[in-house]
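Trainee: Pasting in a structure now, in structure tokens, and then I'll have a few things to ask.
The values are calculated or read from the model by the stated rules, or taken from the named source; none is laboratory data. All values reported here derive from a predicted model rather than from experimental measurement. Counting neighbours? That spans all protein chains shown, and the Cβs are built from the backbone with ideal geometry, glycine included. Side chains included, ligands, DNA and RNA excluded: accessible areas come from the protein's heavy atoms. Shrake-Rupley method; radii C 1.70, N 1.55, O 1.52, S 1.80 Å.
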Amino acid sequence: MIRSILVIVASAAIVNNFVFKQVLGICPFLGISNKVETSLGMGAAVTFVMAMASAVTWALQRYLLIPLKLEYLQTIMFILVIATLVQLVEMFIKKSSPSLYRALGVFLPLITTNCAVLGVALLNIRSEYNLAESVFNGVGAAIGFTLALVLLAGIRERLDESEVSPVFQGLPLALIVAGILALAFSGFQGVI
Amino acid sequence: MRSFWQDIRNGIFTENPVFVMLLGMCPVLGVTTQAVNGIGMGLATTFVLLGSNLVVSLLRKVIPGEVRIPSFIVVIATFVTMVDLLMLSYLPDLHKVLGIFIPLIVVNCLILQRAEALASKNSLGRALGDALGMGIGFTLALTLLGSIREFLGFGTLFSITIIPNYIPFSIMRESTGGFITLGLLLAFFRWYSIRKQRGKQA
């Protein structure tokens, strides 16, 4: 049991890294990878939401959509659940921990349209994971997302200091760096 | 009053969703390993854009401001479900290749952005023109990226062999190829616009 969960986490975080291998969550990946600090904040917020979204969508699919034979409503229901969840998490953190809210607050509304969150919920169903496996797949995916974000942010912080041709400045260079990182990550292929 | 053709040109060139506004990057990089996939994804997105801009524009006076974003998401998700089911029954092969990226059209920021910025404030004609322009721009961008990657990665174009006995440039089939091709294309367009500006000044 523990072994299989470790395999799921490592696979989602590194071997099948969400950003580099499955190409999900690219908008925030390119949008807020300017600074290491904000990347860590976004990563923490995404981890929180992904773990919860995995559990809730799994229960929704198992106890509501399948018994009622409404599987075709999956997309609509999942995105509504994720949007509501993000809203609830935001309200909860605001009340319970103002300091955490100051750190994560700005990132929370952005998570609804982070396709990695809906992506992980859909992949859990397609891989026929049980509840624990779904949650850990969500956590692993979020760790992988954070790792990708922090790696790119670290490199971009340095690139900002150096002189770059105006043609490549900013996004073109970030994309090429991301490509090289993806190439490095493809070295993990077949490890698990 | 902007004309229909201006909207189309705007979507393809001035405000191209991929190369200028950088919206909807996940499908752009995820499915463009072959030109056909690019076209399929582009057309599916265009359909959803047309549907969502149509409904949002018609309901723009009915939807209260506070709940507009959730309402837009429900409208978009409805059209995405339609595309998903239609593709599953009429184009099962393409459906299989695009896989998870079809339901993920829901979270394509391009569609929500157009609903919020344009369709919710403009008349039906304008909203449809914009959806068509943006959709064509998105489809062309995906097809271009897909063609380059397919040509370099497989030596074919739309599955027709261009170079026989081609030794494939295999990283083009992986996500690496997508990132690097898009980065170089963006740099190329920027180089072109800088050069054009210099020409005007001289």
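Trainee: In a GNM of chain B with a 10 Å cut-off on Cα contacts, which of B:F188, B:F79, B:F101 has the highest mean-square fluctuation?
Mentor: Taking springs between Cα atoms under 10 Å, the residue moving most is B:F188.
Trainee: Further question: Taking only protein heavy atoms and a 1.4 Å probe, what accessible area per residue, in Å², does the protein assembly as shown have with all protein chains in place?
Mentor: Here the per-residue accessible area is 47 Å².
Trainee: Here's something else I'd like to know. Sequence-distant or interchain residues sharing an amide H contact under 5 Å with A:L70, placed H: which?
Mentor: Those qualifying (amide H under 5 Å, at least 5 residues apart or on another chain) number zero.
Trainee: Stick to Cα atoms and the Kirkwood definition of Rh, then tell me Rg/Rh for chain A.
Mentor: 1.00
Trainee: Next question. Between the range B:141-181 and the range A:135-192, what is the separation of their alpha carbon centroids in Å?
Mentor: 22
Trainee: Let me ask something additional. Assign unit charges at the C-beta atoms only (+1 for Lys and Arg, -1 for Asp and Glu), then state the dipole size of chain A relative to its Cα centre in Debye, rounded to the nearest 20.
Mentor: Using only the charged Cβ atoms, the result is roughly 400 debye.
Trainee: Something else now. Helix by helix, which DSSP H runs in chain B go 24 Å or more along their axis at the Cα atoms and have an average Kyte-Doolittle hydropathy of 1.6 or more?
Mentor: Qualifying helices: B:68-90.
Trainee: Roughly what percent of Cα-Cα pairs across the range A:24-134 reach past 21 Å? Let's see the in-between values first.
Mentor: Working: 2345 of 6105 pairs.
Distances greater than 21 Å cover 38 percent of the Cα pairs.
Trainee: Hey, what do the phi angles of the range A:81-97 turn into as Karplus ³J(HN,Hα) couplings, whole Hz, using 6.51/-1.76/1.60 and θ = phi - 60°, x for Gly and Pro?
Mentor: 4, 5, 4, 5, 4, 4, 4, 5, 4, 4, 5, 5, 5, 4, 6, 7, 9
Trainee: Still on this model: In the full protein assembly as shown, how much of B:L86 is accessible to a 1.4 Å probe, in Å² to the nearest 10?
Mentor: Surface accessible to solvent at B:L86 totals approximately 80 Å².
Trainee: Follow-up question, since we're still on this one. Tell me the volume per residue, in Å³, of the convex hull enclosing the alpha carbons of the range B:109-176.
Mentor: 83
Trainee: In addition: Students often check this: by mean Cβ neighbours within 10 Å, which of B:53-59, B:116-122, B:93-99, A:163-169 ranks highest, and how do the rest follow?
Mentor: Per-residue mean Cβ counts within 10 Å order the peptides as B:53-59, B:116-122, B:93-99, A:163-169.
Trainee: Among B:L104, B:P27, B:V48, pick out the residue whose Cα is farthest towards the positive end of the charge dipole of the range B:4-144, where Lys and Arg carry +1 and Asp and Glu carry -1 on C-beta, about the Cα centre.
Mentor: After comparing all options, I get B:V48.
Trainee: What nm distance separates the two modelled labels at A:S99 and A:L131, each placed 7 Å from Cα along Cα→Cβ?
Mentor: Using points 7 Å along Cα→Cβ, the separation is 3.3 nm.
Trainee: Please turn the phi angles of the range A:130-141 into ³J(HN,Hα) values with the Karplus equation 6.51 cos²θ - 1.76 cosθ + 1.60 (θ = phi - 60°), one per residue in order, whole Hz, x for glycine and proline.
Mentor: Residue by residue, the range A:130-141 yields 8, 4, 4, 4, 4, 4, 6, 5, x, 5, x, 4 Hz.
Trainee: Can you check what the net charge comes to around B:L49, using other residues whose Cβ is under 9 Å from the Cβ of B:L49 (Lys, Arg +1; Asp, Glu -1)? Show your work: numbers first, answer last.
Mentor: Numbers: positive: B:R114; negative: B:D130.
That works out to 0.
Trainee: Please name which of A:A83, B:A127, B:S89 has its Cα lying farthest along the dipole of the protein assembly as shown towards the positive end, using unit charges on Cβ (Lys, Arg +1; Asp, Glu -1) and the Cα centre as origin.
Mentor: B:A127
Trainee: Counting alpha carbon pairs within less than 8 Å and at least 6 residues apart, what relative contact order, in whole percent, applies to the range B:94-195? It would help to have the intermediate numbers written out before the result.
Mentor: Numbers: 47 pairs, mean separation 15.6, N = 102.
Relative CO of the range B:94-195 lands at 15 percent.
Trainee: From the C-alpha gyration tensor of the protein assembly as shown, pull out the three semi-axes of the equivalent ellipsoid (sqrt of 5λ each), sorted largest to smallest, in whole Å.
Mentor: Calculated on Cα positions only, the semi-axes equal 30, 27, 23 Å.
Trainee: Quick one: Cα centre-to-centre distance for the range A:1-53 and the range B:1-79, in angstrom?
Mentor: Cα centres, the range A:1-53 to the range B:1-79: 27 Å.
Trainee: Which Cα, out of B:S147, A:V46, B:Q197, lies furthest along the positive dipole direction of the protein assembly as shown (beta carbon charges, K/R +1, D/E -1)?
Mentor: Going by the Cα projections, it comes out as B:Q197.
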